[in-house]
Structure formats: C-alpha cells, structure tokens
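What follows is a set of notes on a single structure, which appears directly below.
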There are 4 protein chains.
Amino acid sequence: MIVILKQQTNGEQIDEMVKWLSSFDVKVNLVQGTQKTILGLIGDTTKIDIESVKAKDIVENVQRIQEPYKNANRKFHPDDTIIEVEGRQIGGNSFNVIAGPCSVESEEQIITTAKAVKNAGATMLRGGAFKPRTSPYAFQGLRADGIELLLAAKKETGLPIVTEIMSLSHIDLFADVDIIQVGARNMQNFELLKELGHSKKPILLKRGLANTLEELLMSAEYITAGGNQNIILCERGIRTFEPKTRNTLDISAIPLLKQLSHFPVVVDPSHAAGITTLVEPLSLASIACGADGLIIEVHNDPKNALSDGAQSLTPESFEKIMAKIKAQATFSGKVL
Amino acid sequence: MIVILKQQTNGEQIDEMVKWLSSFDVKVNLVQGTQKTILGLIGDTTKIDIESVKAKDIVENVQRIQEPYKNANRKFHPDDTIIEVEGRQIGGNSFNVIAGPCSVESEEQIITTAKAVKNAGATMLRGGAFKPRTSPYAFQGLRADGIELLLAAKKETGLPIVTEIMSLSHIDLFADVDIIQVGARNMQNFELLKELGHSKKPILLKRGLANTLEELLMSAEYITAGGNQNIILCERGIRTFEPKTRNTLDISAIPLLKQLSHFPVVVDPSHAAGITTLVEPLSLASIACGADGLIIEVHNDPKNALSDGAQSLTPESFEKIMAKIKAQATFSGKVL
Amino acid sequence: MIVILKQQTNGEQIDEMVKWLSSFDVKVNLVQGTQKTILGLIGDTTKIDIESVKAKDIVENVQRIQEPYKNANRKFHPDDTIIEVEGRQIGGNSFNVIAGPCSVESEEQIITTAKAVKNAGATMLRGGAFKPRTSPYAFQGLRADGIELLLAAKKETGLPIVTEIMSLSHIDLFADVDIIQVGARNMQNFELLKELGHSKKPILLKRGLANTLEELLMSAEYITAGGNQNIILCERGIRTFEPKTRNTLDISAIPLLKQLSHFPVVVDPSHAAGITTLVEPLSLASIACGADGLIIEVHNDPKNALSDGAQSLTPESFEKIMAKIKAQATFSGKVL
Amino acid sequence: MIVILKQQTNGEQIDEMVKWLSSFDVKVNLVQGTQKTILGLIGDTTKIDIESVKAKDIVENVQRIQEPYKNANRKFHPDDTIIEVEGRQIGGNSFNVIAGPCSVESEEQIITTAKAVKNAGATMLRGGAFKPRTSPYAFQGLRADGIELLLAAKKETGLPIVTEIMSLSHIDLFADVDIIQVGARNMQNFELLKELGHSKKPILLKRGLANTLEELLMSAEYITAGGNQNIILCERGIRTFEPKTRNTLDISAIPLLKQLSHFPVVVDPSHAAGITTLVEPLSLASIACGADGLIIEVHNDPKNALSDGAQSLTPESFEKIMAKIKAQATFSGKVL
C-alpha cells in the first residue's frame, strides 16, 4: 500500500502518521520529495481499511499494490482448481456444456429438453426453479416444485443439475442440487454468499452486470472465507451503452480471470447477447480464448417458453451448434 | 404494444399470430406496408410476455408503448405520495435531511453523532447496523446490536431512524426501525422486496449502480404488489467510466422519477461522489432540481471511522452545509 | 510517479532500472519490501512516458501522482480565469446564458430567435452553421452562409455569437465569430485543437461523450500549449446505459472542474438530456452547484426545426425558465 | 416509422398530423386504441427527421423500424464486399494480419519490424505517422517523414501499408498509402469522412470508444455517400467501467456487423485490452467468431518504444502467436 501525503504536511504530522500505520504490523518506508511525501507500506496490509487512511486530513491519495483477495488469488494457488461433480470434472483440460431451459415449466418440458441436450452432447442440465424477474407480474418459476422436476430429469438422464438460489431461506431445498448458481443480481448479496461458504457444494457465481472482475473475485473470496473452495466463475455480459445486445460479453474476462485466479471460468452466451444467432459465434470465441465451459439456454419449444424465449435455442439448432463447439474445444486442447 | 413482423411473412402466418395475440384479451390492429407488417395491440398488454412474442419466428421486433409498472405510475396516481414517519412528512413540499454515520460503531459514537446532526437541523438519523462490504475481511457492522444502539439514539434525540436490511431472515430485528433501507446491491433482490411488500413500514429503495430508472420503478412495483405503498426512491449515483468520482450522480433521475412516479425522491450525495468536498454542491443541486430530501454521511470522528471515512463529514462541516441546505430548500419552496 | 516492480526482480535489474529512470533528471527512491520493490520518483516526471515504463519486463505497475496538465491546473493558477467577450465577462461571479437554435436555418429564424432570447435575458447567441449529424442524409447546416446570418443577428441585437467549428480548413470563416465552439465529437481532434491554440479567440470546449474529466483538461492543455488561454469548459452529458435521457448530465463535473482547473465551466442542459422538460431543473441544479453559465437551445418554431427540435424550447417557455434562472443565479451569488 | 400520440390528442390534431406526415410521400396508417393512437408510416422514411416528429406537441414517442443506413446495409447488398489491396483480398474467406509498431520512429525501426512481421506471416504493415496523443507533451509522430519511412518499408518487404489520417488537410500525403485508417477519435469527424468518400482508397474505419454499432455504420454510410465503397470496419474496444483492461473488446460486434453489413470486419486486440498477454486469446476468439483480420502492434524493441510500448509484442512473441493465429484461421475456414 502506498500513501501519498498532501504537499503542505509537516514533520510532526508525518511522524504521527507513520506511528499509526506501523501499529498495523507493517513496515513504513518514507520517501520525501521536493513537493510530496510518499509512504510505502510493506507487509500484510489487508487489515488496513483504505477508506480510513483516505479520511486522514494529510492524505492526498492511497493506492493498493496487492490484490485484496487471497484464497481466490492464483499467486498463492498456482494450480487450477478442478471441481468434481458426479464423476465429471470442471476445470483443467475438461470442457463442460451446461444446457437447458431458462425456467423449468413442466415435467414434460424439462425431461424432453434434458434428453435432447444430453443426446446433443451437453454434460449438465440447467433450469430455473426460482426466477429473478424484473416484473412482479411475470412468471416467477415453479420454485420448490421446479427443483423436484429437475431431480426427476436428472434421474432420467444422469445429467447433474445446476439451478439458481435467490434467498438463503431456501437453502434446504437445494440439498440434492449438484451445483448452486448465484445469479448476477445476487453477486453482492453478501449474506447469501456467507451462507454458501458453509456449504460444500460447488457454487456457480455469475458476475453482476456492472461489477468489476476484482469485485467478482471478492465475492468468490466471501464464499472461500467460509470454507468452500468449490467455485466456478461465470462471465455473462456487462451493461454498456450498446443497444443491439442485451449485454456486452466481456470476452477479456476469460483470460484475465484465469490469470488472476485458479477457479474454472464458464461463459453464458445466451444471456450475454440475448440473441439466438449470437450463441454460436460467442461460444466458439469463448472456447478459443480459454473458457472451461458454456451455459446455453435450450428449450424444447422456445416460442411458447414462459421466460426468455427469444434467446433460447431449439434442440435442433443446439445440436448443430454442439457439433461446432465439440470441434473447437478439441482444437483448443479441451476434452468435452 | 407494437409487433413488427419480418419482411417475408405470409398471410396465413399473420392470421395465426393475430389469433394468438387476441387470446390475451387485446385488440390487434393490422398495418400492412409494402415491406413490413405491423401489429398494434390495444388494451391491457401487461399479461403478454414480451420475450415470448420476440421468440416467434416471424417477429422482427416488439416495442412496449405502455410503462410496465402501474402502482408506481404517476399516470394512475397523479398526486404525490406523502409518507408519515413519527409525525414528520416525506414528500409533497416537506424536505428531509437524513444524516448519520455509515456504520454504527459504538453507543458513544452514534449518540454523539445523533445529537450533533439534530442540532444542525437533520430530521432523521441514519446508521448502518448490517453493512454490505466488498471484502469479507472488512468490518461487517454490529448487526443486531447496531439496531439496539440506533434505538437508543432515537430515544435520546427523538430522531426517527433509517437503517439497511441485507437479508429477509433479519426482518424481525427491524420491528422498531422507522424506515427500512434497501441498498443498491439489493435493489433486485426480489425475494426481499416481496417480503417488504407485506410490511407496512416505509421503504427507502436505493437505485442499483447499473439499474435503469424503469428497473428501479419495477422494484418499487414489487413492494407495492404486496400491498405496501410507502416507498421513498433514492438516487445514489450510477457506475460509469469516469474515475474521479466513486459513482456518477444521475441528477436527471430526480425530475424524471418525479414525472414518472408519485413517490418521494431523495438523493445520497455522499455515496454518489465518495468525496466530502462534493457533498455541498451536489446537495444544493439536488434541492434545486426538485429532490424531497438528502441522506448525508456524518461521523463524529471520520478519521477513525470503521467504514467510508473518506466520504463522511465532521459535525462541524455538516453544520455549515446545513445552513446552505436550509437556505436553498426555502428558496426552492420546500419546508425543512 | 511510483513504479512497482515484479516480485522476482533481482538487484542487478533494479540497479539498471534506477539508472535509466534517473536519466530523466528525477530522483529515484527505493522502497524494498519482503515481496515487492517500489521506486518513488521525485521531480518533474512529465517527460517520462508512462507506457514505456510499463513496457519494461520487470515492471508490474506504474502510478502517476501528479496531474499530467499544467497550464490548465488550478494548483499553478489559483485565480479564476475570466474571459472578456465584447464587454461581457465569463467566469468569476458573472453568469452567462447562451441561447439560440441548434441550427441556423434562415435569416428570419435566427433574427427572430435572437431578439426573443435577448428580450428574455440571454447574454449571448448560439446557432450551428456547420452541423455534425450522425446521418449523411440529414441537414448539414448552412455552413458559410450560416455564419453570415449569425453575424447579421449579432448586428441586429448586439449579442456576441458562439458557433461550432468542425474542421480546421474552415478557420478563416470564423474570423468574426466571438466564441468558437469545439463540439463533443471533436474534443480529441488534436490537429484542430493545435490550430485553435494559435488563435486568440475564446474557445468553448465541450466534453466528449465518453471522455474523462482528465482527458477534457488535457484537450484544454493542447489549446493552451499553443498560447491561447481563453478556454471555457462545457459539460454536456456523458453516455451511459440509462435509456430515458439522451445522455447523463455529470453534474459532479462542475465542482470538480472548478477544483482542478481555473477555467470557467458552463453546462448544456439541452443536449445533456435531450428532453425539453428537463431543461429547467437541470439548469437550476447546474447554477446551484457552481456553473458559470448555460447553453440552451431555443427555436422560434421548434416543431418545424431542421434539427434537434425535440430538445428546443419555444421563446415563451424560455422566457419563463429565464425568470427562474435569474432568481437562482442571484440566490447563488452570481451576476447575470 | 411508428409515431405514438399522446393520450389526450383530439381528432382534428390527428388529421393535421396525418396530413403533415403524408407530405413526405409515405402512407400513414392509423391505429386508434382506447388510450393511445398510433400512426404507422409505410414507405421510405429516411427523409423524415425523427427529432422534428418528436418535437410535435401531440407526439409521445417515435420508433424507427428501418435501419437509417442503406449503402452499408446487407439487406440491400447480400454479398460480402471484398476489397483488393495490392493483389491481396480483404473479406470473403481471406484472412489478413496487419502488424507493425504503434508509431513509426526511425528507418531502422520500421524496416526491422516490417521484415520481422513479414517473416512471421503478417500480410500488411501498420505504423503511425500522425499520432493522436492525449497529451500535447507526448511524441506526436514523425508525420510526413513517417509516411516516407513506411513507403520505404513497403519497398523493402512488399507489404501494403496502413496508416492513420488525423486531418483532411494532410490528405495529399496519403497518395501512396494503401489503406487509410480513420482512428476511433475521428469516427465522427464528418468533414474528414466526406473527403474520404471522394477517394477510391480503402478506408479502415475504427469504432469510436463510446459509439454504437449503428453509429459506426452511419459513419461508413458517410464515406459511401461520396462514392467510396471500400470500407473495412474495425472493432477496437469500447469504454466501460472495468479498470483491468484499457477498453472492453466488444466481441459481439464481429458477428453483428457481419449480419448488418457487407463490409469486412477486423479486430484490434492490442488497443482493445492494452495488455500484451491478452493479444493471443483475443486474437483467437476474434477469428473463431468470424473476424476477417487482425491489427496487432509489434515493435522491434517495445521497451524503448516512443508510444504504447506496454501493449506491443516483440517480434519473437508475435511469431509464436502467428503460429496459433494461422492454425485457428485455417480451422475456422479462412485463408491466411
């Protein structure tokens, strides 16, 4: 941490500041310039609240030089984290395609879709039981019943299931779910993250639509702080000024998250663009630059879907795209 | 709602589409052009899921022409909503200043600060008991104890208290709180919003850092849908590319929210900018363009604050700013 | 400037780096930590290219601690710059309202509008002769003829005129213009800025729609570097994700630019929002937080305007708003 | 075009409106609802200024349903535009890699780099002679001399050259340049675009850092309106809130631009991220989702580069990346 002092600071004030900072068990180095004085802090500065330092009268600015996350940091965990789910691996050189409808709507719908995506080569099944919808008047999901139907589809197809949690009060309903998804809107629902830290289940953590990569990793850190290291990071598009796509897929997030962290990174091209014709190109791009998996919306009857029909693929188009995904994954050295 | 069909659509497909849309109890008008066909839907279209329409093969685009919110809409409630809190009014021509520390830290701190802000003219006391912090290693608030201390400060000063809820599992702890705040990160925590809809307490709903005004009003709609019409909207800055301020205060949100909705609108200049020297100019600007109140961070000792010290005012500087706030509020026709 | 070296850097590499940096006539202080080494550079670092430093193998990051602009910097010019235009002052405690149509369309239009805005209290006349339009098929302005008509309107009313330059090849046409405007799209047209630096005319420099305040000040620095210190900065809204307004007025830019720089700051509420009903509240907000002036679109017949009719006021509504602007300006200690 | 009228509009007003709109040679269809009246305009609406319609008292909103660009529109030009440059093709199934330094600095530098990139497989040479720099104190390029050196490098290697124009007053200097680049900051320098429309040279048009895809296509339309159809579109990252990358590469722009337009699309991964370690993954991603080429910064000695050293590759690392680029291009069905 570097503390830049204001121009007119006197010697006594500097001494007091150095004394205060030293009380946090860090070594403080003084660099005195003609105009400004800089303090360089050496040691573990995570205990120092950057805002408290900034609030001091004599401080002009403060810069962190160490990442504020530890457990999520690749510097301290050079090897890829590989997550085991029902005999499959996520991370390393494995590649996964998680497919299924936006919402679970009926037994027939979820089982038909599950069979179709399995046949096409998907490795896991997704489906929303609890649905975060902008409007209170929109379909809110089948809730507990939806989870039952997902489990039925798992029984039928053997595909592990991924579904979203919206409130920590529902956590008991997720006992048999294979991967718990934290949606973009809950990425900084810290009470929920803490609770999931006490679980052992893999958590698929989606980036919030205006959150930085550092904030995403800090949210992962919340989960790890509770003891759960099974985290899958998910890039799903950020909010920008461009109106042609629902969100802007931040493709650079993939290689950056892999550099900064050891967790697997998957991409959701369906939500990122909100347009079915972009699912294929964005999927191939994601694989080519290092993603560990994809989450793709597929609905047996998208025209009659109760939510997000516009971005769902039919089983037929999913099958065609899967052929290209497999080829690209193999080309990029991944095993699907 | 307007549905624009693709160029190559044939008569049979159009007939089928018109039949399907008519099944939602709306009247469908057909406008046939040389290149495109447009369907104009007349009636209550809130039951029609816009995504399902977009998913139809023959549909090029769909436009809503009615706002998707009703209870929050000024068109249906032309008069200002005025909220009563312990004998004070929020909305109409009343002006409120809610002041206090970011976090409640100790009895002495909150009571000293409460007395100071009351003396300076604040009408309500704010203070965080549950604190949403980006880092799991940062101070998380005194939680239940923090609420007790706020109630002690209320007893001492008579100021109604405003504090943030972070999880619906804590709701019982808020029984004696006067106004429950929903923070920016929870603006789309829909399970929490639903629960607060069943309460009768005033809810101070902060805009999420990348949420549109329409999304803010839809979140208000969630609360109203449960029966609670006591909502105060809060603009607190949005995330942009400008690095000099923590967030960018969207000042246009004030007059726009007042046009679109009947709820009172308050502004948080402390969080919007994250810089104490901007609290005064942003406060005056907010009043001049129609805000119904301000939320300002004041700490009896900001240099030693456990959170957000950099943006907190001292009681002395708050007092000076309050003099200007009172003058501007009076000038702008408000009663403080 | 602070240079943070990578963890594995050895002594020899550090020595070489210190030697290289010292060659720029700065003093280099070494702060050696357990994990990282930090170099603190003392002296005039503006000659050091930050990108070249970052490109060195052993460098992890580089931070500037001094602003990269000098002539525009209030630290070196504590007093407000006050610009004289035809006997009027811009800056200090003077307040100016520059009003007029988006485009000059005809002699009758510009003279009628000029008289109307003068009667209502405007102090200068604006009007576009060269118009930057997104579409090549849209009205591009009357060009040289438009400037002639503005000069005719000046003769008739005595109002100084402000109009936009779009290319340095047109500069001779601006010989009699009082203030030359550089539009948002040309804020980083550096060849144009250099040319205007050799002029003595006041330049009204608009912030680009995605430019930071530092970039705006660097563009001002380009003009000053040529010798022209007569600059008026203009905030006119930035591009964000919010769709209800054309742009988001960054109200914080006003006090920040006044802190960072000594140039007058004016605001364009018409372009910022793109909505006539927001012109009044945004104007009052701008004055309340310290603006030195406003640029407002007024058209004698906005319904038949050839450009930007939707955001133009009629002379009647402008007159009403001017009454409030005058009152707020007086209240805020400005002389209009 | 669809015009939505306000609720309280009376029959006479509607008749007048229909009459006015009809005067633009379009057919106006009236859809009268219980609350609102909608006018559907059929025919060529490009002559109608959307802002003038919005300015009418009785109009609530206006929606375009046709793209405002024609020459750039794939609907009217279904086949890919293929551009010939010195015997090479850009577009179709050809793939091009344009490589070279940010700035031309010396004869030795540009010729050494040109030979190196040619050996590695680059098909064209880039290099800045006129450099748009944020600071007036930074190296501004060798200007006319820089172009001479590029031509010398072309003579030596046979590589066609691409270089940026910053002002229409320099156009004569570009007589022997193969492809003229319009930089991001000049994407809406309409006077420059018009001038380039009268040229026959291929124009590489970079997207502005906060411009929409529609605005990019409208800028292309400006060039085509003058008669020049040789346009190469370039995605180079947009400005967002994410601080880890200089810009956010909008990867979706590639497939979208290919759908909307018939022009070739190239990507600049060096400027998009501003980080050398991201050049490889972003290049592969761009190819996988359909790009027609890449522009990559390579410098024979990036540590001593006069500009943008941090994002330049060495010839050695470029050679390694080129091997992967060739393999991915071949895999994706392109010929490099």
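Looking at segment D:298-310, can you tell me whether even one residue there is at pLDDT 95 or above and under 26 Å from D:PRO132 (Cα atoms)? The answer is yes; a qualifying residue exists. When restricted to residues that are within 14 Å of chain B (Cβ to nearest Cβ) and either touching a His at 6+ places or on another chain (Cβ under 7 Å) or β-branched (Val, Ile, Thr) (or both), segment A:107-160 contains 2. Residues in segment A:107-121 that are more than 17 Å from A:ALA305 (Cβ to Cβ) and of a type in the set (Gly, Ala, Ser): 2 in all. Here is the figure for segment B:40-88: residues that are within 24 Å of D:LYS6 (Cβ to Cβ) and free of Cβ contacts under 8 Å to residues at least 24 places away in the same chain total 5. Restricting attention to segment B:124-145 and to residues that are among the aliphatic types (A, V, I, L, M) and surrounded by 24 or more Cβ atoms within 10 Å (Cβ to Cβ), the residue that is farthest from A:THR46 (Cα to Cα) turns out to be B:MET124. When the test is whether a residue is within 30 Å of C:LYS47 (Cβ to Cβ) and in contact (Cβ under 8 Å) with a residue 60 or more places away in the chain, D:ASP301 passes it. Could you tell me whether C:ALA220 is surrounded by fewer than 21 Cβ atoms within 10 Å (Cβ to Cβ), farther than 30 Å from B:ASN211 by Cβ and either not assigned by TED's automatic domain parsing to the domain that holds C:LYS131 or not hydroxyl-bearing (Ser, Thr, Tyr) (or both)? In short, no.
The residues of segment B:180-194 that are assigned to a helix (DSSP H, G or I) and either buried (at least 20 other Cβ atoms within 10 Å of the Cβ) or among the β-branched types (Val, Ile, Thr) (or both), listed by number, are B:ALA184, B:ARG185, B:ASN186, B:PHE190, B:GLU191, B:LEU192, B:LEU193. Scan segment C:168-221 for residues that are closer than 20 Å to C:PRO255 by Cβ and without any contact (Cβ under 8 Å) to a residue 24 or more places away in the chain and the total you get is 1. For D:LYS201, the conditions (1) buried (at least 21 other Cβ atoms within 10 Å of the Cβ); (2) more than 13 Å from chain C (Cβ to nearest Cβ); (3) part of a loop (DSSP other than H, G, I, E, B) are fulfilled apart from (1). Restricting attention to segment B:251-268, the residues that are closer than 25 Å to B:SER317 by Cβ and within 9 Å of chain C (Cβ to nearest Cβ) total 2. Take the residues in segment D:234-272 that are in a loop (DSSP other than H, G, I, E, B) and of a type in the set (Gly, Ala, Ser); name whichever of them is surrounded by the most Cβ atoms within 10 Å (Cβ to Cβ). Applying the filter and picking the extreme gives D:SER252.
Considering only segment C:2-14, I want to know if a residue exists there that is surrounded by fewer than 21 Cβ atoms within 10 Å (Cβ to Cβ) and at positive phi. No: segment C:2-14 contains no residue that is surrounded by fewer than 21 Cβ atoms within 10 Å (Cβ to Cβ) and at positive phi.
All of B:LEU257, B:LEU284, B:LEU249 fail the test of being at pLDDT 95 or above and over 24 Å from B:ARG88 (Cα atoms), apart from B:LEU249. Whether any residue in segment C:149-161 is within 19 Å of the chain's Cα centre (by Cα), at pLDDT 95 or above and surrounded by 23 or more Cβ atoms within 10 Å (Cβ to Cβ) is what I want to check. Yes, segment C:149-161 has at least one match. For segment D:49-59, the candidate set comprises residues that are surrounded by 19 or more Cβ atoms within 10 Å (Cβ to Cβ) and more than 8 Å from every other protein chain (Cβ to nearest Cβ); within that set, the residue that is nearest to C:SER103 (Cα to Cα) is D:VAL53. Residue count for segment C:278-336 satisfying the condition of being surrounded by 19 or more Cβ atoms within 10 Å (Cβ to Cβ), among the acidic types (Asp, Glu) and not in a helix (DSSP H, G or I): 3. Looking across segment D:139-175, the residues that are farther than 25 Å from D:ALA120 by Cα and touching a Leu at 6+ places or on another chain (Cβ under 6 Å) come down to D:PHE139, D:ALA144, D:LEU168. When the criteria are applied in full, C:LEU168 fails the requirement of being surrounded by 24 or more Cβ atoms within 10 Å (Cβ to Cβ) and either farther than 23 Å from C:ALA285 by Cα or not aromatic (Phe, Trp, Tyr) (or both).
Of all positions in segment C:77-87, at least one carries a residue that is modelled with pLDDT of 95 or more and surrounded by 19 or more Cβ atoms within 10 Å (Cβ to Cβ).
The values are calculated or read from the model by the stated rules, or taken from the named source; none is laboratory data. Please read these numbers as outputs of a predicted model, since none were measured by experiment. Cβ coordinates were reconstructed from backbone atoms using ideal geometry, including for glycine residues, and neighbour counts include every protein chain displayed.
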